[in-house]
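**Q** Supplied in structure tokens, the structure appears directly below.
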Amino acid sequence: MPPHEDILLWHEPPICGGIPFRKWEVSLKAHVQSKLDAWYTDGRPMFPRETLEDIHSQFQDPMNVNGELIAVKGLDHWWYEFQLRTGDVVEYNGVPWRLDGPHIVYTPFERLMEHAADRKPAIYYTISIAYKMMHADQGPTLIGSVETAAKMVGDEGEAWGKTDSGKGITSKLSSLEVPPLKVTKIIGLACGTFMTVQNPKETKRSLVQHAFLIILRELVATDELGNGKPTCYVQDPAYIEDDRAVLTRMGIESLRDPAGFLEINESSIVFCCNPTTCVKSIIADIARPLILIWNTVSDDPHKESSSYWNPDCPRVRKMIEEEYDMFDFPEDENFGEMAIYVRKNALVPEE
């Protein structure tokens with residue numbers, strides 16, 4: 001099958017009940033959308049923590065080698081099975097590609113509703129397994145050595161920290177009077193690869209965002225947001241091994257999807273900027289972090305979301321409105337339109 005649109009993924013449909021996708025019964029669009037809407041309205045999780053835990057466990061199982069199946073529980077409680085193909089070489093447009101992964105694809109509720117169509121098999125799963133397509137005969141072009149990249153992160157962080165926006169953001173975070181002993185973890189999601197050669201602007205954004213995580217860690221360790229230095233994790237399928245080596249040197253542990261999501265708990269700070277997956281929807285289903293630093297959630301239910309794959313769905317809006325207080329995140333081109341959300345009742349009352 002051709003790669004997933006725009007993100008260079010090899011995505012094959014699953015087997016369900018021993019029946020391949022092409023032999024599934026077809027459904028009517030209205031029927032599929034009615035069932036999806038009823039499940040969503042009734043509060044059925046689109047991305048249950050138990051499902052993520054089960055997928056993670058299967059990924060860790062040494063018995064699961066190529067040719068074996070990864071089973072994912074769908075919204076309809078059926079099991080959808082995806083074949084492991086890591087390292088396989090496939091041909092697309094006459095070019096050989098090596099499959100790297102596995103890579104989890106998360107489909108938000110809104111996209112499932114859009115994908116429903118007459119006389120086609122119903123799609124009742126929000127989580128599927130795909131593979132990043134890598135050139136079979138060459139590796140990625142790197143910006144430099146691990147040592148060089150580590151220095152670049154440090155230099156970018158130091159320079160950014162001296163800018164007006166850098167000072168403004170750290171000042172804003174320092175002013176949040178959260179009770180001590182609260183923050184134990186910082187989780188950065190979708191901060192991007194900085195080791196592979198890409199658009200210079202994108203490289204800088206990734207360097208600054210990783211540097212921001214280090215600054216945030218030091219801020220928590222020295223301020224009253226935490227008790228000592230918190231553990232810092234990151235997760236991004238775009239990372240290559242060289243990215244992970246640099247992150248290790250900086251004291252940041254890189255986790256493979258979905259382990260980063262599973263680390264999120266009520267004592268976490270989550271940082272996420274312009275992801276290409278539905279981070280907001282996933283977190284709304286699995287956790288209530290102490291602090292969220294991510295793209296601003298619109299309070300207008302009629303406003304079209306700025307992100308196709310990370311929409312401000314009703315469940316996300318409800319969580320933010322009822323459970324979080326919002327604080328400004330100073331404008332900065334390395335982050336985009338962001339906000340800081342602190343869980344209600346977490347702030348120390350003013351005397």
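We did not get these values from a lab; they are worked out from the coordinates using the rules stated. In this text, all values refer to a predicted model and were calculated from it rather than measured experimentally. Positions of Cβ are backbone-derived with ideal geometry, glycine not excepted, and every protein chain shown enters the neighbour counts.
**Q** For the chain, go through all pairs of different Cα atoms, get the mean of 1/r, take its inverse, and jot down that Kirkwood value in Å.
**A** Numbers: mean 1/r = 0.0463 Å⁻¹.
Evaluated on the chain, it is 21.6 Å.
**Q** In degrees from 0 to 90, rounded to the nearest 10, what is the angle of the helix 146-161 Cα long axis to the longest principal axis of the chain?
**A** Tilt relative to the chain: about 60 degrees.
**Q** I've got another one for you. Compute the distance in nm between two label points, each set 7 Å from the Cα along the Cα-to-Cβ direction, one at residue 307 and one at residue 34.
**A** 3.4 nm
**Q** Quick check: the distance between the Cα centres of segment 68-125 and segment 202-250, to the nearest angstrom?
**A** If you average the Cα positions of each part, the centres end up 31 Å apart.
**Q** What number results when the radius of gyration of segment 66-187, computed over Cα atoms, is divided by 2.2 N^0.38 Å?
**A** Numbers: Rg = 22.4 Å, N = 122, 2.2 N^0.38 = 13.7 Å.
Compared with the compact-globule rule of thumb, segment 66-187 sits at 1.64.
**Q** Counting each pair of different Cα atoms once, what's the Kirkwood radius of segment 146-343 in Å, rounded to one decimal? Spell out each step's value before the answer.
**A** Details: mean 1/r = 0.0592 Å⁻¹.
Here the Kirkwood hydrodynamic radius works out to 16.9 Å.
**Q** Could you name the lysines whose alpha carbon sits less than 22 Å from that of residue 185, not counting residues in the same chain fewer than 8 places away?
**A** Filter leaves 172, 229, 280, 344.
**Q** Something else now. Take 165, 281, 254 and order them by how many other Cβ atoms sit within 10 Å, fewest up front.
**A** On the way: 165 16, 281 25, 254 19.
So the residues, fewest neighbours to most, are 165, 254, 281.
**Q** Among the trypsin sites (Lys or Arg not before Pro) in segment 255-321, which ones are in a DSSP loop with at most 12 other Cβ atoms within 10 Å of the Cβ? Mind listing them?
**A** Working: sites: 256, 280, 303, 315, 317, 318; in loops: 256, 303.
Qualifying residues, ordered by number: 303.
**Q** Still on this structure, please answer the following. Where does the chain land at 222 nm, in deg cm²/dmol rounded to the nearest 500, when only DSSP H runs of n ≥ 4 count, each adding -39500 (n - 2.57), divided by all residues?
**A** Numbers: 10 runs with 114 residues, N = 351.
Computed ellipticity for the chain at 222 nm equals -10000 deg cm²/dmol.
**Q** Moving on to the next point. Over the Cα atoms, compute the radius of gyration (one decimal) and Dmax (the largest Cα-Cα distance, rounded to a whole number) for segment 3-135, in Å.
**A** 15.5, 47
**Q** Something else about it: Going by alpha carbons, how many degrees (0 to 90, nearest 10) lie between the helix axis of 164-174 and the longest principal axis of the chain?
**A** The answer is roughly 90 degrees.
**Q** How about residue 73: which aspartates and glutamates have a C-alpha closer than 20 Å to its C-alpha, ignoring those fewer than 8 places off in the same chain?
**A** Of all the aspartates and glutamates, those that pass the test against residue 73 - Cα under 20 Å, at least 8 places apart if same chain - are 12, 25, 37, 42, 50, 53, 54, 61, 81, 110, 257, 285.
**Q** Which length gain, in nm to one decimal place, applies between residue 141 and residue 12 when the Cα-Cα distance is subtracted from 0.36 nm times their residue separation? Walk me through the intermediate numbers first.
**A** Details: separation 129, 0.36 × 129 = 46.44 nm, distance 2.78 nm.
Result for the pair: 43.7 nm of gain on full extension.
**Q** Please compute the modelled spin-label separation between residue 159 and residue 65, points set 7 Å along Cα→Cβ, answer in nm with one decimal.
**A** With each label point 7 Å from Cα toward Cβ, the separation is 4.8 nm.
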